[in-house]
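Below is one structure; the comments refer to it alone.
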Amino acid sequence: MSSKNMLRNALISLSDKDNLLEMSKILLKKKINLLATGGTAKYLKNHNIPVTEISEYTNFPEILNGRVKTMHPKIIAGILSRRDKDQKTMQLYNILPIDIVIVNFYPFDKIDTQKTYTIEEMIEKIDIGGPTLVRSAAKNYKDVIVIVNFFDFKLIFDSIKNNYITTEKRLYLAKQAFLYTSNYEKSIEQYFTNENKFNENHKKNLFPNHIQFQFVKKQNLRYGENQHQKSALYIEENNLNSGTISSSYQIHGKKLSYNNISDADIALECVKQFSKPACVIVKHGNPCGVSEKTSLLKAYVSAYKADPVSAFGGIIAFNSIIDVETAKEIIQRQFVEVIIAPEINYLSLDILKKKKNIRILITGKFQKNHEKIDFKKITNGLLLQENDNSIIDIKKFNFVTERLPTEKELKDAIFCWKIVKYVKSNAILYGFNKTTISIGPGQTSRVDATQLANLKAKNRGFDTNGAIMASDAFFPFKDGVEKAACIGISCIIQPGGSIRDKEVIECANKYSIAMIFTQKRHFKH
């Protein structure tokens, strides 16, 4: 191996330090020296990672309140030097060749827009040195490895041997780097050209006159909604938070399809609603079985039994580490397309790997969803709306019937309400003991959705006496309540707001059904 391909020195400067320790330990294990900017170096030193601060190496301090950190000839030349042409200059000025540059920028497009900033304050947040380092490294890609996200770091360093990386992989990383800097410039431009950005109230306009989306392709998929349609997954370039399907990584199974990812996203976002061990099974865009129990095994078994027919070939999401008992139960019970979890026990993974086609996605620790905008493509257009991230607030519930729900009924009602917003409208959901019994999704009338839920519960032999009904929108007529009463539903949770609310409430009173108005609906189209 040529000496010019040896990896000896890495420069690290990270605003987002989430994966810094893991990367540093891997580099040190490969006997690569670490150089870092002040904040990054301090973080590493605090964790007992050997590192040289750039100001120590250049013998020149960070100045102008941090505006100038890395723009020094010994740094830029160390990156831009051509290993086969510039050796004399490097030796003359005692410049170290920098073989790896790992940089991410201050997330300009993720600034808290609820706070008030002046233009001058915003300008101070613009990264100058970082883009210079990244562009320099990308320009000299044949001699320098440039990494701007953790996915590429794992991709490269999990596969290299003897610290050698091919020119093809280096070029791929350079392309990713230029895309990253390009998108960063676009985010700045978009921020400052938004005509409503710096109005007198300094409030961000959710729907500006012009919008730009910045996505990068993560992977090609097996096919689209149907096998004759090609498909690919794109993810937000600067939004790689853990706990999402977009940022998950696949550790087993065949290639994902468009439908796999669409269903997996619904399953994961739904299971995040629960704090105790929970399982959500999704089929064709709708939850078909959901349960929250004292253990993951109990949650899975209950969710599966809720609708074993629909669960066949479904997507399963968990909100905690997959244990051995749960893994064994999945293998014994059903055919599954995708399994999603924040973590997995290695013994459990070995069990699930016996089925070579099961796709297993690991998301990492869940984080709160901060996405403000949801959008849907239509022919020659785009629909934008605020995300349905409303928090359940019992204080805002209206208990409108003569009989109030019992404590257990209220807990089950809240459980059902968390799920129904993930079911396509018109949606009716029955639940009992924090497990779904029957779900009637996607009907053109609410009474049809109720009839479907009734039929599914009956066909599967469920006892619905004392169960809870959740409806994603109000009942336009009392007929839905009457159909619920005939199978023993004891409590109904719904938004309210119909012109016939009085009639609906009177019907509930007639059958001694407790009814809760949430005052928020959850249409999902």
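The values are calculated or read from the model by the stated rules, or taken from the named source; none is laboratory data. Keep in mind that this is a model prediction, so the values were computed, not measured. Cβ coordinates were reconstructed from backbone atoms using ideal geometry, including for glycine residues, and neighbour counts include every protein chain displayed.
Considering the range 170-197 alone, what residues qualify as being surrounded by 15 or more Cβ atoms within 10 Å (Cβ to Cβ), modelled with pLDDT of 85 or more and under 27 Å from the mean Cα position of the chain (by Cα)? Y172, L173, A174, Q176, A177, F178, L179, Y180, T181, listed by residue number.
When the range 147-175 is filtered for residues that are of a type in the set (D, E) and assigned to a loop (DSSP other than H, G, I, E, B), only D158 remains. Comparison of E120, E200 shows that the only residue that is assigned to a helix (DSSP H, G or I), exposed (fewer than 13 other Cβ atoms within 10 Å of the Cβ) and either modelled with pLDDT of 80 or more or out of contact with any strand residue (DSSP E or B) (no Cβ under 7 Å at 6 or more places or on another chain) (or both) is E120.
Filtering the range 365-380 to residues that are in a loop (DSSP other than H, G, I, E, B) and among the acidic types (D, E) leaves only E371.
Scanning the range 355-391 for residues that are surrounded by 13 or more Cβ atoms within 10 Å (Cβ to Cβ) and of a type in the set (V, I, T) returns I358, I360, I362, T363. Every condition in (1) hydrophobic (A, V, I, L, M, F, W, C); (2) in a loop (DSSP other than H, G, I, E, B); (3) in the same structural domain as K424 (by TED's automatic domain parsing) holds for F523 except the one numbered (3). Filtered by the rule that a residue be surrounded by fewer than 16 Cβ atoms within 10 Å (Cβ to Cβ) and either modelled with pLDDT of 90 or more or acidic (D, E) (or both), the range 7-20 gives a lone residue, D18.
Output the qualifying pairs, or none if there are none: Cβ atoms under 6 angstrom, residues six or more apart or on different chains, first residue in the range 39-50 and farther than 11 Å from S13 by Cβ, second residue in a helix (DSSP H, G or I) and of a type in the set (A, V, I, L, M, F, W, C). Close Cβ pairs satisfying both conditions: H47/L21. Checking each residue in the range 132-181 for being of a type in the set (D, E, K, R) and out of contact with any Ser or Thr (no Cβ under 9 Å at 6 or more places or on another chain) picks out K139, D152, K154, D158, K161, E168, R170, K175. Looking across I156, I102, I95, one residue alone is at pLDDT 80 or above and within 15 Å of I12 (Cα to Cα). It is I102.
The helices (runs of 4 or more DSSP H) located wholly in the range 240-345 that include 1 or more residues which are free of Cβ contacts under 8 Å to residues at least 24 places away in the same chain and crowded, with 21+ Cβ neighbours inside 10 Å occupy 296-306. Taken together, Q519, Q494 contain a single residue that is surrounded by fewer than 19 Cβ atoms within 10 Å (Cβ to Cβ) and under 15 Å from W417 (Cα atoms), which is Q519.
So, of the residues in the range 442-465 that are small (G, A, S) and crowded, with 19+ Cβ neighbours inside 10 Å, which turns out to be nearest to A303 (Cα to Cα)? Here the residue is A457.
Residues in the range 129-146 that are over 15 Å from K169 (Cβ atoms) and crowded, with 24+ Cβ neighbours inside 10 Å: G130, L133, V134.
Of the residues I468, I439, the single one that is in contact with a Pro (Cβ under 8 Å, 6 or more places away or on another chain) and buried (at least 18 other Cβ atoms within 10 Å of the Cβ) is I439.
Per-residue answers, yes or no, for (1) out of contact with any Asp or Glu (no Cβ under 7 Å at 6 or more places or on another chain); (2) under 25 Å from E407 (Cα atoms); (3) among the polar types (S, T, N, Q); (4) in contact (Cβ under 8 Å) with a residue 24 or more places away in the chain:
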position	(1), (2), (3), (4)
N454	yes, yes, yes, yes
K458	yes, no, no, yes
G461	yes, no, no, no
A467	yes, yes, no, yes
V481	yes, yes, no, yes
A485	yes, yes, no, yes
S490	no, yes, yes, yes
I499	yes, no, no, no
Y511	yes, yes, no, yes
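For the residues I266, I358, I261, the requirement of being more than 16 Å from the chain's Cα centre (by Cα) and under 23 Å from L221 (Cβ atoms) singles out I358. Answer yes or no: is there a residue in the range 176-188 that is more than 23 Å from T70 (Cα to Cα), in contact with a Phe, Trp or Tyr (Cβ under 9 Å, 6 or more places away or on another chain) and in a helix (DSSP H, G or I). No, there is no match, as no residue in the range 176-188 is more than 23 Å from T70 (Cα to Cα), in contact with a Phe, Trp or Tyr (Cβ under 9 Å, 6 or more places away or on another chain) and in a helix (DSSP H, G or I). Elements of the type strands (runs of 3 or more DSSP E) sitting completely within the range 414-499 and holding at least 2 residues that are more than 17 Å from P287 (Cα to Cα) and at pLDDT 95 or above: these cover 491-494.
Results for (1) under 23 Å from F153 (Cα atoms); (2) among the β-branched types (V, I, T); (3) at pLDDT 90 or above; (4) crowded, with 17+ Cβ neighbours inside 10 Å, shown as yes or no for each residue.
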| residue | (1), (2), (3), (4) |
| --- | --- |
| L27 | yes, no, no, yes |
| L44 | yes, no, yes, yes |
| Y57 | no, no, no, yes |
| R67 | no, no, no, no |
| M71 | no, no, no, no |
| I79 | yes, yes, no, yes |
| Q87 | no, no, no, no |
| Q91 | no, no, no, no |
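Of all residues in the range 123-146, those satisfying the criterion of being outside any loop (DSSP other than H, G, I, E, B) and among the hydroxyl-bearing types (S, T, Y) are T132, S136. Filtering K85, K69, K25, K31 for residues that are on the phi > 0 side of the Ramachandran plot, out of contact with any Lys or Arg (no Cβ under 6 Å at 6 or more places or on another chain) and not aliphatic (A, V, I, L, M) leaves a single hit, K31.
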